[in-house]
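The values are calculated or read from the model by the stated rules, or taken from the named source; none is laboratory data. Not measured: the values here are computed from a predicted model. Here the Cβ positions follow ideal geometry from the backbone for every residue, glycine too, while neighbour counts run over all protein chains shown. Remember, those area values only see protein heavy atoms, side chains included, never the ligands or the DNA or RNA. Shrake-Rupley method; radii C 1.70, N 1.55, O 1.52, S 1.80 Å.
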Amino acid sequence: LDTFGSSASLPPSERRYPAAFCGFNRAKSSDIEPKECKKEIRSDSGSGLKSRVDDLLDNGGTYVLVIFEELSGVSPRNDKDMFERRMEALEEEFAAQGYPDANIRIYDSSKIVGFVNRFPALVAKYKGIEHVIDHSTWHREATKDIEEFFPDTKRDKQIEKIQNVLRDSNDHCTVIRVTGPPDIGKTRLVYEALSEDDLQERVIYSTAREFECSGVASRLRTNPDWSAILVIDDCDSKDHEHFQQRFSGESDRLALITISADPTSTGADHRISVEQLEKNKVREMIESLDFEVKENA
(Lines give C-alpha, C1' and ligand atoms only; values in the text may rest on other atoms or scores of the structure.)
Protein backbone atom coordinates (compact mmCIF):
# COMPACT_ATOMS: atom_id res chain seq x y z
CA LEU A 1 0.00 0.00 0.00
CA ASP A 2 2.32 2.69 -1.22
CA THR A 3 0.78 5.29 -3.49
CA PHE A 4 -2.57 5.66 -5.14
CA GLY A 5 -2.94 3.73 -8.35
CA SER A 6 -2.00 0.23 -7.21
CA SER A 7 -4.24 -2.45 -8.71
CA ALA A 8 -5.37 -5.48 -6.77
CA SER A 9 -8.39 -7.62 -6.08
CA LEU A 10 -10.35 -6.85 -2.99
CA PRO A 11 -10.14 -9.42 -0.21
CA PRO A 12 -12.90 -12.03 -0.81
CA SER A 13 -14.79 -11.05 2.35
CA GLU A 14 -15.01 -7.46 1.05
CA ARG A 15 -16.59 -8.36 -2.27
CA ARG A 16 -20.19 -7.28 -2.00
CA TYR A 17 -20.23 -6.76 -5.75
CA PRO A 18 -18.26 -8.31 -8.66
CA ALA A 19 -14.52 -8.17 -8.06
CA ALA A 20 -12.85 -5.17 -9.70
CA PHE A 21 -9.61 -3.23 -9.62
CA CYS A 22 -9.06 -0.95 -6.71
CA GLY A 23 -6.77 1.98 -6.04
CA PHE A 24 -5.13 2.28 -2.64
CA ASN A 25 -4.49 5.71 -1.21
CA ARG A 26 -2.32 5.67 1.89
CA ALA A 27 -2.95 8.46 4.36
CA LYS A 28 0.07 10.70 4.81
CA SER A 29 -0.31 10.67 8.60
CA SER A 30 -1.68 8.26 11.17
CA ASP A 31 -5.14 9.73 10.68
CA ILE A 32 -6.73 12.47 8.61
CA GLU A 33 -9.84 14.51 9.28
CA PRO A 34 -12.93 14.19 7.04
CA LYS A 35 -12.10 17.42 5.18
CA GLU A 36 -8.64 16.01 4.45
CA CYS A 37 -10.24 12.83 3.09
CA LYS A 38 -11.95 15.01 0.51
CA LYS A 39 -8.73 16.83 -0.29
CA GLU A 40 -6.95 13.52 -0.95
CA ILE A 41 -9.11 12.80 -4.00
CA ARG A 42 -9.24 16.31 -5.48
CA SER A 43 -6.90 17.47 -8.21
CA ASP A 44 -4.07 19.82 -7.28
CA SER A 45 -6.05 22.72 -8.71
CA GLY A 46 -8.95 21.86 -6.40
CA SER A 47 -11.30 21.55 -9.36
CA GLY A 48 -12.48 18.02 -10.04
CA LEU A 49 -10.91 14.71 -9.03
CA LYS A 50 -7.36 13.51 -9.58
CA SER A 51 -7.09 11.97 -13.02
CA ARG A 52 -6.20 8.55 -11.59
CA VAL A 53 -9.29 8.62 -9.39
CA ASP A 54 -11.45 9.49 -12.39
CA ASP A 55 -9.92 6.65 -14.40
CA LEU A 56 -10.42 4.18 -11.56
CA LEU A 57 -14.11 4.99 -11.05
CA ASP A 58 -14.84 5.22 -14.79
CA ASN A 59 -13.64 1.61 -15.04
CA GLY A 60 -15.82 0.38 -12.20
CA GLY A 61 -12.98 0.24 -9.68
CA THR A 62 -12.98 0.76 -5.95
CA TYR A 63 -11.32 3.62 -4.09
CA VAL A 64 -9.63 2.43 -0.88
CA LEU A 65 -8.36 4.89 1.72
CA VAL A 66 -5.84 3.35 4.12
CA ILE A 67 -5.49 4.99 7.54
CA PHE A 68 -2.92 3.58 9.92
CA GLU A 69 -4.95 4.22 13.02
CA GLU A 70 -7.95 2.52 14.54
CA LEU A 71 -11.15 4.38 13.72
CA SER A 72 -13.27 2.93 16.46
CA GLY A 73 -15.15 4.85 19.08
CA VAL A 74 -17.25 8.00 18.98
CA SER A 75 -15.97 11.42 18.03
CA PRO A 76 -16.44 13.91 20.87
CA ARG A 77 -17.45 16.58 18.36
CA ASN A 78 -20.78 15.37 17.05
CA ASP A 79 -21.40 11.92 18.48
CA LYS A 80 -20.62 10.27 15.16
CA ASP A 81 -18.31 7.33 14.72
CA MET A 82 -14.88 8.31 13.34
CA PHE A 83 -15.18 5.79 10.54
CA GLU A 84 -18.66 6.98 9.54
CA ARG A 85 -17.58 10.65 9.44
CA ARG A 86 -14.77 9.89 7.02
CA MET A 87 -16.93 7.64 4.86
CA GLU A 88 -19.65 10.32 4.68
CA ALA A 89 -17.08 12.91 3.64
CA LEU A 90 -15.86 10.74 0.77
CA GLU A 91 -19.39 9.88 -0.35
CA GLU A 92 -20.32 13.58 -0.39
CA GLU A 93 -17.26 14.54 -2.42
CA PHE A 94 -17.66 11.73 -4.95
CA ALA A 95 -21.35 12.57 -5.38
CA ALA A 96 -20.51 16.23 -5.92
CA GLN A 97 -18.01 15.20 -8.59
CA GLY A 98 -20.54 13.09 -10.47
CA TYR A 99 -20.00 9.69 -8.85
CA PRO A 100 -22.94 9.18 -6.45
CA ASP A 101 -22.55 5.39 -6.57
CA ALA A 102 -18.78 5.24 -6.21
CA ASN A 103 -17.37 2.09 -4.62
CA ILE A 104 -15.48 3.19 -1.50
CA ARG A 105 -13.61 1.37 1.23
CA ILE A 106 -11.75 2.68 4.27
CA TYR A 107 -9.23 0.35 5.86
CA ASP A 108 -7.98 1.30 9.31
CA SER A 109 -5.31 -0.50 11.33
CA SER A 110 -7.71 -3.02 12.88
CA LYS A 111 -9.14 -3.86 9.46
CA ILE A 112 -5.67 -4.47 8.04
CA VAL A 113 -4.74 -6.71 10.97
CA GLY A 114 -7.99 -8.58 10.45
CA PHE A 115 -7.13 -9.22 6.80
CA VAL A 116 -3.72 -10.59 7.69
CA ASN A 117 -5.12 -12.84 10.39
CA ARG A 118 -7.41 -14.50 7.86
CA PHE A 119 -4.38 -15.92 6.08
CA PRO A 120 -2.59 -18.27 8.45
CA ALA A 121 0.24 -18.85 5.99
CA LEU A 122 1.22 -15.19 6.40
CA VAL A 123 0.75 -15.37 10.15
CA ALA A 124 2.98 -18.44 10.28
CA LYS A 125 5.61 -16.77 8.11
CA TYR A 126 5.87 -13.50 10.00
CA LYS A 127 5.38 -14.89 13.47
CA GLY A 128 7.93 -17.63 12.91
CA ILE A 129 5.61 -20.61 13.34
CA GLU A 130 7.75 -23.61 12.45
CA HIS A 131 7.04 -26.63 10.23
CA VAL A 132 4.66 -24.88 7.78
CA ILE A 133 5.43 -22.51 4.90
CA ASP A 134 3.51 -20.22 2.58
CA HIS A 135 3.35 -20.48 -1.22
CA SER A 136 6.23 -18.08 -1.91
CA THR A 137 8.57 -19.99 0.41
CA TRP A 138 7.39 -23.29 -1.05
CA HIS A 139 8.52 -22.01 -4.47
CA ARG A 140 12.17 -22.70 -3.70
CA GLU A 141 11.48 -26.30 -2.83
CA ALA A 142 9.01 -26.97 -5.64
CA THR A 143 11.22 -25.59 -8.41
CA LYS A 144 14.70 -26.49 -7.17
CA ASP A 145 15.25 -29.29 -9.72
CA ILE A 146 13.62 -27.75 -12.82
CA GLU A 147 12.62 -24.09 -12.89
CA GLU A 148 10.41 -24.33 -15.97
CA PHE A 149 7.22 -26.37 -15.78
CA PHE A 150 6.41 -28.75 -18.64
CA PRO A 151 2.74 -29.76 -18.47
CA ASP A 152 1.20 -32.18 -20.92
CA THR A 153 -2.45 -32.38 -21.91
CA LYS A 154 -3.48 -34.49 -18.92
CA ARG A 155 -1.59 -32.35 -16.43
CA ASP A 156 -3.21 -29.20 -17.82
CA LYS A 157 -6.62 -30.75 -17.23
CA GLN A 158 -5.66 -31.86 -13.73
CA ILE A 159 -4.43 -28.37 -12.84
CA GLU A 160 -7.65 -26.87 -14.16
CA LYS A 161 -9.68 -29.36 -12.16
CA ILE A 162 -7.90 -28.50 -8.90
CA GLN A 163 -8.41 -24.78 -9.52
CA ASN A 164 -12.08 -25.16 -10.39
CA VAL A 165 -12.79 -27.36 -7.39
CA LEU A 166 -11.16 -24.92 -5.00
CA ARG A 167 -13.02 -21.97 -6.49
CA ASP A 168 -16.42 -23.63 -6.40
CA SER A 169 -18.51 -22.45 -3.49
CA ASN A 170 -19.72 -25.23 -1.21
CA ASP A 171 -20.52 -25.71 2.44
CA HIS A 172 -17.71 -28.02 3.50
CA CYS A 173 -13.95 -28.50 3.43
CA THR A 174 -13.05 -29.91 -0.01
CA VAL A 175 -10.67 -32.87 0.15
CA ILE A 176 -8.40 -33.65 -2.83
CA ARG A 177 -6.12 -36.70 -2.96
CA VAL A 178 -3.13 -36.59 -5.37
CA THR A 179 -1.20 -39.81 -5.91
CA GLY A 180 1.39 -41.24 -8.29
CA PRO A 181 4.79 -42.98 -8.39
CA PRO A 182 7.76 -41.36 -6.64
CA ASP A 183 9.39 -38.41 -8.48
CA ILE A 184 6.63 -38.26 -11.08
CA GLY A 185 5.85 -34.59 -10.41
CA LYS A 186 2.92 -34.72 -7.98
CA THR A 187 4.09 -31.91 -5.74
CA ARG A 188 5.05 -29.71 -8.69
CA LEU A 189 1.62 -30.19 -10.27
CA VAL A 190 -0.12 -29.08 -7.07
CA TYR A 191 2.26 -26.14 -6.71
CA GLU A 192 1.49 -24.95 -10.25
CA ALA A 193 -2.25 -25.37 -9.71
CA LEU A 194 -2.06 -23.11 -6.65
CA SER A 195 0.09 -20.41 -8.27
CA GLU A 196 -2.87 -18.24 -9.22
CA ASP A 197 -3.13 -15.08 -7.09
CA ASP A 198 -6.52 -15.91 -5.58
CA LEU A 199 -5.31 -19.35 -4.45
CA GLN A 200 -1.66 -18.92 -3.45
CA GLU A 201 -2.42 -16.38 -0.73
CA ARG A 202 -4.31 -19.10 1.17
CA VAL A 203 -1.74 -21.89 0.86
CA ILE A 204 -0.10 -23.61 3.83
CA TYR A 205 2.38 -26.30 2.78
CA SER A 206 3.91 -28.94 5.02
CA THR A 207 4.65 -32.64 5.25
CA ALA A 208 2.38 -34.88 7.27
CA ARG A 209 4.95 -35.35 10.01
CA GLU A 210 5.85 -31.66 10.32
CA PHE A 211 2.25 -30.45 10.16
CA GLU A 212 1.38 -32.49 13.22
CA CYS A 213 4.22 -30.75 15.09
CA SER A 214 3.25 -27.22 14.03
CA GLY A 215 0.20 -26.63 16.17
CA VAL A 216 -1.47 -24.98 13.17
CA ALA A 217 -4.14 -27.68 12.90
CA SER A 218 -5.73 -26.77 16.22
CA ARG A 219 -5.59 -23.06 15.38
CA LEU A 220 -7.34 -23.68 12.08
CA ARG A 221 -10.17 -25.48 13.79
CA THR A 222 -10.63 -22.99 16.62
CA ASN A 223 -10.26 -19.72 14.66
CA PRO A 224 -13.25 -19.31 12.30
CA ASP A 225 -11.63 -16.32 10.61
CA TRP A 226 -8.72 -18.34 9.26
CA SER A 227 -9.00 -19.36 5.62
CA ALA A 228 -6.51 -21.83 4.18
CA ILE A 229 -5.72 -24.41 1.52
CA LEU A 230 -3.76 -27.09 3.36
CA VAL A 231 -1.26 -28.97 1.22
CA ILE A 232 0.05 -31.99 3.13
CA ASP A 233 2.91 -33.78 1.35
CA ASP A 234 4.34 -37.25 2.05
CA CYS A 235 0.92 -38.11 3.39
CA ASP A 236 0.27 -41.85 3.32
CA SER A 237 -3.23 -43.31 3.40
CA LYS A 238 -3.33 -43.54 7.18
CA ASP A 239 -2.33 -39.90 7.61
CA HIS A 240 -4.77 -38.88 4.90
CA GLU A 241 -7.66 -40.52 6.71
CA HIS A 242 -6.57 -38.78 9.91
CA PHE A 243 -6.50 -35.32 8.35
CA GLN A 244 -9.70 -35.89 6.41
CA GLN A 245 -11.53 -36.88 9.58
CA ARG A 246 -10.07 -33.86 11.34
CA PHE A 247 -11.01 -31.23 8.76
CA SER A 248 -13.80 -32.56 6.52
CA GLY A 249 -16.46 -31.28 8.91
CA GLU A 250 -15.21 -27.71 8.58
CA SER A 251 -16.72 -25.13 6.23
CA ASP A 252 -15.30 -24.14 2.86
CA ARG A 253 -12.95 -21.66 4.54
CA LEU A 254 -10.64 -24.69 4.55
CA ALA A 255 -9.58 -27.06 1.77
CA LEU A 256 -7.33 -30.10 2.11
CA ILE A 257 -4.96 -31.49 -0.52
CA THR A 258 -2.85 -34.52 0.37
CA ILE A 259 0.02 -35.83 -1.78
CA SER A 260 1.50 -39.33 -1.66
CA ALA A 261 3.11 -42.16 -3.57
CA ASP A 262 0.93 -44.51 -1.52
CA PRO A 263 -1.63 -45.98 -3.98
CA THR A 264 -3.95 -47.26 -1.25
CA SER A 265 -7.52 -46.17 -1.87
CA THR A 266 -8.74 -43.49 0.53
CA GLY A 267 -11.78 -41.31 0.97
CA ALA A 268 -11.72 -37.94 -0.84
CA ASP A 269 -14.04 -35.64 -2.74
CA HIS A 270 -11.69 -35.68 -5.71
CA ARG A 271 -8.83 -38.00 -6.70
CA ILE A 272 -6.03 -37.17 -9.11
CA SER A 273 -3.54 -39.74 -10.38
CA VAL A 274 -0.33 -38.25 -11.80
CA GLU A 275 1.30 -40.33 -14.52
CA GLN A 276 4.46 -40.20 -16.64
CA LEU A 277 4.78 -37.14 -18.87
CA GLU A 278 4.05 -37.51 -22.56
CA LYS A 279 7.23 -38.33 -24.48
CA ASN A 280 7.41 -35.02 -26.34
CA LYS A 281 7.26 -33.16 -23.02
CA VAL A 282 9.97 -35.36 -21.53
CA ARG A 283 12.15 -34.48 -24.49
CA GLU A 284 11.47 -30.76 -24.07
CA MET A 285 12.37 -30.98 -20.41
CA ILE A 286 15.65 -32.81 -21.08
CA GLU A 287 16.59 -30.34 -23.81
CA SER A 288 15.97 -27.46 -21.45
CA LEU A 289 18.66 -28.90 -19.18
CA ASP A 290 21.20 -28.85 -22.05
CA PHE A 291 21.59 -32.60 -22.08
CA GLU A 292 22.44 -34.24 -25.39
CA VAL A 293 19.41 -36.08 -26.75
CA LYS A 294 20.01 -38.96 -29.17
CA GLU A 295 17.55 -39.46 -31.99
CA ASN A 296 16.64 -42.96 -30.85
CA ALA A 297 16.19 -41.98 -27.20
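A few comments on the model shown:
- Net +/- balance of residues flanking LEU49 in space, Cβ distance below 12 Å, scoring K and R +1, D and E -1: -1
- Average accessible area per residue (Å²) across the range 182-297 - probe 1.4 Å, nucleic acids and ligands excluded: 54 Å²
- Relative contact order of the range 149-297, pairs being alpha-carbon contacts under 8 Å that are 6 or more residues apart, as %: 37 percent
- Accessible surface of the range 230-275, 1.4 Å probe, proportion on carbon and sulfur as whole %: 42 percent
- Centroid-to-centroid separation of the range 247-279 and the range 28-58 [C-alpha atoms, Å]: 49 Å
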